[in-house]
Amino acid sequence: MIPRYARPQMEAVWSPQAKYKIWWEIESYAGEEMARLGKISEDDAAAIRRIDTNFDLSRIEEIERETRHDVIAFLEYLAEKAGASDIRFLHRGMTSSDVVDTCLSIQLNRAADILIKDMEDLLAALKKRAFEHKNTVCIGRSHGVHAEPTTFGLKMAFAFAEMSRNLVRLRTAKEEVSTGAISGAVGNFATVDPEVEKYVCDKFGLSPEPISTQIIPRDRHAMFFAVLSVIASSIERLAVELRNLQRTEILEIEESFSEGQKGSSAMPHKKNPILSENLTGLARLVRSYFIPAAENVALWHERDISHSSVERIIAPDATIALDFALARLAAVVKRFVVNRDNMQNNLDRLGGLIYSQNVLLALVDKGLGRGESYDAVQRIAMDTWTTRRKFMDELVADEFVSRWMTKPELEACFDPDLHLKNVDFIFSRVFDCPQHESDRSN
C-alpha cells in the first residue's frame, strides 16, 4: 500500500523487520519445546534464542536472489550470522509453511486487533452524533425522492447498528484465522512433535490447526477477507449517504473545511466532499481483494504456492487500506457540520406533500375505503406537484376531502412529531442491545 493511505501502526505489522522477527520467534519457540522434549539440547535451543534480531534486510535479499526461496534465504542468513554449527538444529523437522503460515496468522491477528479498535472508535463517534441529532428532523428519501420525515439521528443509529454487526463479524473472523501449524512437510507430524506446534501456538495466542496438510486451509483466510469486504461495503454505504447530503441542492451536512484548505484548482468557491469520495474509492479496493482470497481456497493436493503471491499483496494492502478508511470515516463523522436550516428548507420544499400518507390513513380511519382514499389524495398530490401550491390548501379546498375531514383534522396530519413518536423505541433497540459490547463503556 502506498504511504498516502498507510498509518504507522498497521504498516508496522507488515514490515519486513516485523515478519522476520516473527519468523525468528517461531523458530526460537520451536527450539525451546524441542529441548524440553529432549530432541535437542538446551544449549542448542539457547543458541537460537541468542541470535541478534536486528536483521540486515539487504543481505537476506541478496541471499534470496541466489536461492530463490525466502525462508531458505532467511535460514542461511541466520546461520551466517550465528554460525552454522552453533544453530544446526534450527528449523529441525519443520517446513517453510510452518513458519510462513503461522506468521501470517499472527500478522492477521494483530491487524484484526487494530481494526477492532478502529471500529470501536467509529462506533463511539456514530453513537455521539446519533444522540446529538436524535430528534433533528430531516426528510427521508426513497429512490432519491422525498418520502416522509425522519431524523438525522436515526441515520446515524442505522450506521451504528450496521457497524456493530460488522464488529461481531470481525471478532469472529479474527478467531477463525488465528490458527498456527507446525506439522511438517505434508502435515502429518512425521518429523516434528505435535507438542512443538502446541507450544508455539500458545506463545502467540493461536489455536493449533486441527488438520493442516502442509498449509493452514485457506477457507479461514477467505472468510477473513470476506468480512473485510463487508466492512468496506458498510463504509461505502455511509460515505455515499454523506456525499449525497452534501450536494448543493441538498446541503444538509458539510465535511469540515480547514483554514487554508482548497477545494478546486480552478474554482475558489468549491468545497467538495473529498473525504467521503475517498472512502468510496478505498472501499472498492478492499472489496476487490475478496475474490482472489476465495480463489486461494482451491489448491493442489497438500499444497501449491498459487496462493502465496496473492497473500503477499492482499494481506497488507487490505488491512492497511481498511485501517485508514475506518479512521478517516470516524474523523468525518466526528467533524461534519449539520445544517439544520437546510434540513427544514428541504422538509418544506414540496409544500407538505410529504404528509400524504398521514392524510390517506386519516381518511381511511374516517370510514373511506383505502382505494378511494388513495385515489383522492393522489389526485390532489399530483396537482400540487404541478402547481407548486400548498398541499394543505389544496386539501381544504377539495370538495370531496372536505366532506370527510375538517381543516383542524387535516392540519393534525401535518405534524412532524407524528414521525418521531417511536424514535426512543428504535434507539433502545439499537443502543441497548447486548450485542453492542463496545457501546457499554461509552
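The values are calculated or read from the model by the stated rules, or taken from the named source; none is laboratory data. Everything quoted here is computed from the prediction, not taken from an experiment. In this analysis, Cβ positions are derived from the backbone assuming ideal geometry, glycine residues included, and neighbour counts consider all displayed protein chains. The area values use the complete protein model at the heavy-atom level, side chains included, leaving out ligands, DNA and RNA. Shrake-Rupley method; radii C 1.70, N 1.55, O 1.52, S 1.80 Å.
Checking each residue in the stretch 272-293 for being aliphatic (A, V, I, L, M) and modelled with pLDDT of 95 or more picks out Leu279, Leu282, Ala283, Leu285, Val286, Ile291, Ala293.
Could you list all residues from the stretch 21-45 that are in a helix (DSSP H, G or I) and closer than 16 Å to Asp193 by Cα?
Scanning the stretch 21-45 gives Ile26, Glu27, Ser28, Tyr29, Ala30, Gly31, Glu32, Glu33, Met34, Ala35, Arg36, Ala45.
The residues on offer are Leu420, Leu395, Leu368, Leu410, and the sole one that is out of contact with any Leu (no Cβ under 9 Å at 6 or more places or on another chain), without any contact (Cβ under 8 Å) to a residue 60 or more places away in the chain, buried (at least 16 other Cβ atoms within 10 Å of the Cβ) and of a type outside the set (Lys, Arg) is Leu368. Note on the stretch 111-122: among residues that are among the aliphatic types (A, V, I, L, M) and in contact with a Leu (Cβ under 7 Å, 6 or more places away or on another chain), the one that is farthest from Leu228 (Cα to Cα) is Leu122. Is it the case that some residue within the stretch 197-208 is part of a loop (DSSP other than H, G, I, E, B) and either surrounded by 14 or more Cβ atoms within 10 Å (Cβ to Cβ) or within 29 Å of the chain's Cα centre (by Cα) (or both)? Looking for residues that are part of a loop (DSSP other than H, G, I, E, B) and either surrounded by 14 or more Cβ atoms within 10 Å (Cβ to Cβ) or within 29 Å of the chain's Cα centre (by Cα) (or both), one finds at least one in the stretch 197-208, hence yes.
With respect to Leu363, determine if the residue is touching a helix residue (DSSP H, G or I) at 6+ places or on another chain (Cβ under 9 Å), crowded, with 21+ Cβ neighbours inside 10 Å and under 21 Å from Met1 (Cα atoms). Can you show your working first?
Working: touching a helix residue (DSSP H, G or I) at 6+ places or on another chain (Cβ under 9 Å): yes; crowded, with 21+ Cβ neighbours inside 10 Å: yes; under 21 Å from Met1 (Cα atoms): no.
Considered against the rule, which asks whether it is touching a helix residue (DSSP H, G or I) at 6+ places or on another chain (Cβ under 9 Å), crowded, with 21+ Cβ neighbours inside 10 Å and under 21 Å from Met1 (Cα atoms), Leu363 comes out as no.
Might you let me know whether the stretch 53-61 holds any residue that is more than 38 Å from the chain's Cα centre (by Cα), β-branched (Val, Ile, Thr) and modelled with pLDDT under 95? So far as the stretch 53-61 goes, no, none of its residues is more than 38 Å from the chain's Cα centre (by Cα), β-branched (Val, Ile, Thr) and modelled with pLDDT under 95.
Just one of the numbered conditions (1) touching a helix residue (DSSP H, G or I) at 6+ places or on another chain (Cβ under 8 Å); (2) closer than 21 Å to Ile182 by Cβ; (3) not basic (Lys, Arg) is not true of Gly38: (1). Taking Pro208 as the residue in question, decide whether it is out of contact with any helix residue (DSSP H, G or I) (no Cβ under 9 Å at 6 or more places or on another chain) and farther than 30 Å from Leu326 by Cβ. Criteria not met by Pro208. Per the listing Ser183, Ser178, Ser164, the residue uniquely open to solvent by less than 50 Å² (accessible area, probe 1.4 Å) and either at positive phi or in contact with a Pro (Cβ under 8 Å, 6 or more places away or on another chain) (or both) is Ser183.
The residue of the stretch 92-140 that is most open to solvent (accessible area, probe 1.4 Å), among those that are touching a residue at least 40 places away in the same chain (Cβ under 8 Å), more than 30 Å from Ala73 (Cα to Cα) and not in a helix (DSSP H, G or I), is Asn135. Within the stretch 278-292, the set of residues being without any contact (Cβ under 8 Å) to a residue 40 or more places away in the chain and either surrounded by fewer than 16 Cβ atoms within 10 Å (Cβ to Cβ) or polar (S, T, N, Q) (or both) comprises Gly281, Ser288, Ile291.
Every residue, every condition in (1) more than 19 Å from Ala125 (Cα to Cα); (2) at pLDDT below 95, yes or no:
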{"site": "Arg403", "(1), (2)": "yes, yes"}
{"site": "Leu418", "(1), (2)": "yes, yes"}
{"site": "Ser428", "(1), (2)": "no, no"}
{"site": "Asp439", "(1), (2)": "no, yes"}
